[in-house]
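What follows is a set of notes on a single structure, which appears directly below.
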Ligand SMILES: Cc1cc2nc3c(=O)[nH]c(=O)nc-3n(C[C@H](O)[C@H](O)[C@H](O)COP(=O)(O)OP(=O)(O)OC[C@H]3O[C@@H](n4cnc5c(N)ncnc54)[C@H](O)[C@@H]3O)c2cc1C
Ligand code: SF4
């Protein structure tokens, strides 16, 4: 069976729509950008009623059916930027608990040791446990109440250019069948011609990737590095964990060669006695063994006695996965150019030492809004004006926070022990003695099977598919069922594989098809095919995709490109 991939349809007229600002992606960064812009316009209009600015042509595009549905995070909220954006937010924001207790454990296979003190980056007293899904929905309500239109179910599928200037965004075509042909309900995407395009797509944004490639934006930066977080939400009997209790773990099931760790956040549903546990494992996408499976890592983690005890008698209620950028300050691309700005995780504003990015996403969105506002006032959205966003980030507390941890993740390149030592040094010397420690892309660490022990060696307990007992541990399909993922079935594959011969001829032999392992949603399968050179051929289940972006990041030949499927499809992370 030949795979048919989504690609632009020829000879289609795209209706045009003018816009002042279009924000692609309605997560914390995009929503904060829209809200701050609205506040600045309101303020301007009150002071200058003779020359008002309109909000009518400011749009947020969000590929999910509903705001927040594709947002997945831990999540603990550091409220710093929200205090600036919405003073008094405490009385109305959906905050599940205030953190009052935190601890860090080091796990061995069966034992655990609590660190005598919680390392400063992981001290969370005063932060809030939130559901990012509910939080983003709440922000979306504010954006709409402010008079800004959010187009949900619309993905940005291409950037529009005039010369080297970004002039807008094309939204996804709807009603395209599996053969890439128009169906009777076909609707072409819109060409939204905008003065300013703000990219707020989250990690490894697909338009951001196009822009980075077109202008070679990472040429003198450290390559971005990533982790993938696999999360389950559990209801557990009351008393197991307090609302507002936070636990981080290091060590098992990872060995000293992999980077990552787990979080456990406690909260409580209003009106329920049960505790809610947000539990997840972030595995650095720079591991060596291509058979390693991050969903399996989480299942093995839950079998540790400490975690088994926490979850016993409980019930898993939701599942999801998402990648996050780890690279930090040196992996930020240039943030603005002619007609464009990049904010939030799309740029890489995440403090990986703290596992926190929401507050930085919000702050970067606010700063971009201030620059966009100036561009509208001056009718100039060239890099001369939008470039000020770069400077405002560099003079803001974003830089103060990210600078001391600029070499944090690089410190782990020689394993966990060296990494912890480096992290301590950096804590003392505000980033370590060296200004910039270089790094390389994580997928380059993947080793061919021939270099690895056939039985998996010390990593054996994390390799290949997890079986699951259906109570404490789950296979991928059972977990996936709890992500609420749905897509239109009759559409072309949105995972573009540049050359499937590489999958069937080389990857299957050299790396054992790691896409089957790193994808947390069983999208990739090597199926038996006696006509294929190695008896196996790549097959896709794109409707399973939870939009985590791991395949776009981690495939060893860099031949997979994730593009948005028809808008509205994807996971349903209600309550996550
Ligand atoms: C497992 C995990 C745990 C984390 N834990 C924490 C934590 O506890 N605390 C914390 O502060 N941070 C945490 N983070 C990081 C935090 O979630 C992110 O930094 C933050 O969500 C970034 O916000 P954003 O708006 O940039 O991106 P996102 O939250 O990813 O939002 C992007 C939005 O854009 C939409 N979108 C993407 N592409 C398109 C397109 N082409 N067209 C239209 N829409 C598009 C998406 O559907 C999504 O709604 C965690 C991240 C992960 C993955
Ligand atoms: S296909 Fe790619 S983006 Fe989709 S769930 Fe699998 S790894 Fe994630």
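Can you classify segment 1-121 as rounded, prolate or oblate using the Cα gyration tensor, where a ≥ b ≥ c are the square roots of its eigenvalues, rounded means a/c under 1.5, and otherwise it's prolate if a/b beats b/c and oblate if not? Here segment 1-121 falls in the oblate category. Computed on segment 495-557, with alpha-carbon pairs under 8 angstrom and 6+ residues apart, the relative contact order is 32 percent. Considering only DSSP beta bridges whose two residues both sit in the chain, what percent are antiparallel, to the nearest 5? About 70 percent, rounded to the nearest 5. The modelled label-to-label distance between residue 541 and residue 4, using points 7 Å beyond Cα along the C-beta direction, is 2.2 nm. Antiparallel beta bridges, as assigned by DSSP with both residues in segment 126-263, represent about 100 percent of the total such bridges. Highest mean packing first, where packing is the average number of other Cβ atoms within 10 Å per residue, the peptides 32-38, 9-15, 278-284 line up as 32-38, 278-284, 9-15.
Calculated [222 nm] ellipticity per residue, helices only, for the chain: -7000 deg cm²/dmol; basis is -39500 (n - 2.57) per DSSP H run with n ≥ 4, divided by all residues, nearest 500. Full extension of the chain segment joining residue 391 with residue 80 gains 109.9 nm, where the gain is 0.36 nm per residue of separation less the Cα-Cα distance. Dividing the Cα radius of gyration of segment 254-303 by its Kirkwood radius returns 1.13 for Rg/Rh. Contact order, relative form, for the chain: 20 percent (alpha carbon pairs under 8 Å, 6 or more residues apart, mean separation divided by residue count). Peptides 44-57, 193-206 ranked from most to least packed by the mean count of surrounding Cβ atoms within 10 Å: 193-206, 44-57. When only Cα pairs below 8 angstrom with a gap of at least 6 residues are kept, segment 213-322 shows a relative contact order of 38 percent. Extending 7 Å from the Cα toward the beta-carbon at both residue 288 and residue 100 defines two label points whose distance is 4.6 nm. Extending 7 Å from the Cα toward the beta-carbon at both residue 181 and residue 489 defines two label points whose distance is 1.9 nm. Take the Cα of residue 424, step 7 Å along the line toward its Cβ, and report every residue of segment 225-256 whose backbone nitrogen sits under 13 Å from that point. The answer is none, because no backbone nitrogen lies closer than 13 Å to the label point. Packing, taken as the mean count of other beta carbons within 10 Å per residue, orders the peptides 396-403, 316-323 from highest to lowest as 316-323, 396-403. How much FRET efficiency would the formula 1/(1 + (r/R0)^6) give for residue 11 and residue 238, where r is the Cβ-Cβ distance and R0 is 51 Å, rounded to 0.05? Efficiency, rounded to the nearest 0.05: 0.25.
Among rounded, prolate and oblate, which fits segment 432-571 when a ≥ b ≥ c are the square roots of the eigenvalues of its C-alpha gyration tensor, a/c under 1.5 means rounded, and a/b larger than b/c means prolate? Here segment 432-571 falls in the rounded category.
Laboratory data are not the source of any read-out in this text; all were calculated from the coordinates shown. Keep in mind the model is a prediction, meaning the values are calculated, not measured. Neighbour counts run over all protein chains shown; Cβ positions are idealised from the backbone, glycine included.
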